[in-house]
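Throughout, read-outs are computed from the coordinates displayed, never taken from laboratory work. Since this is a predicted model, take the numbers as computed values, not measurements. Here the Cβ positions follow ideal geometry from the backbone for every residue, glycine too, while neighbour counts run over all protein chains shown.
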Amino acid sequence: MKRFLCTFFTPRYNSLFLGVTCILLISGAFFFQFGLGLTPCVLCLWERIPHYIGIVLGLSAFALYPKHAKIALLLHILLVLGIATSGGLSIFHIGVEQELWTFNCQDTVSGTSTEEIMAQLYARPAIDCKDIQWSLFGISITGYNFLVCLGLVLSALITAFCTRYRCKKQA
């Protein structure tokens with residue numbers, strides 16, 4: 001079983017897998033936003049940021065392997081940490097949705113003049129972070145983001161295990 005897993009779970013291909021999955025997650029978010037007309041809340045937008053960065057890191061790490069393996073490995077680690085961050089934000093967001101704790105996403109405005117502040121207030125989405133706009137089998141979009149992030153981090157851990165196994169076997 002180790003041999004089978006370690007054939008496919010290499011840092012290079014895991015970086016590609018994670019980067020492409022980030023593209024798919026962002027595409028799905030855009031589909032829900034623009035295709036189905038769902039308005040994202042502030043936490044939803046924050047959860048996307050690590051995936052935007054993950055696209056660049058994953059594809060860059062894939063391109064740099066094997067000639068610049070150390071740099072690519074660093075990018076891969078940053079990619080996994082970013083995906084774990086998105087998963088952590090998802091856990092927080094799920095807690096807000098289930099009203100386990102509160103988060104007032106409507107009070108996040110800044111500016112130097114009254115006009116700037118009023119423009120931000122009128123431009124904000126009217127959705128509150130605790131409102132669940134879509135769910136399937138009782139799991140919200142945020143819940144699915146958490147599950148996907150968990151799977152991606154697990155694939156990175158399997159990759160780390162297989163890389164160690166390969167290095168140990170070669171020594």
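Values as computed for the structure displayed
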quantity: Added length on full extension, which subtracts the Cα-Cα distance from 0.36 nm per residue, Gln133 to Ile71; calculated: 18.3 nm
quantity: Two-site FRET efficiency, Leu157 against Tyr13, from Cβ-Cβ distance with R₀ of 22 Å, rounded to 0.05; calculated: 0.90
quantity: Added length on full extension, which subtracts the Cα-Cα distance from 0.36 nm per residue, Ile26 to Glu116; calculated: 29.5 nm
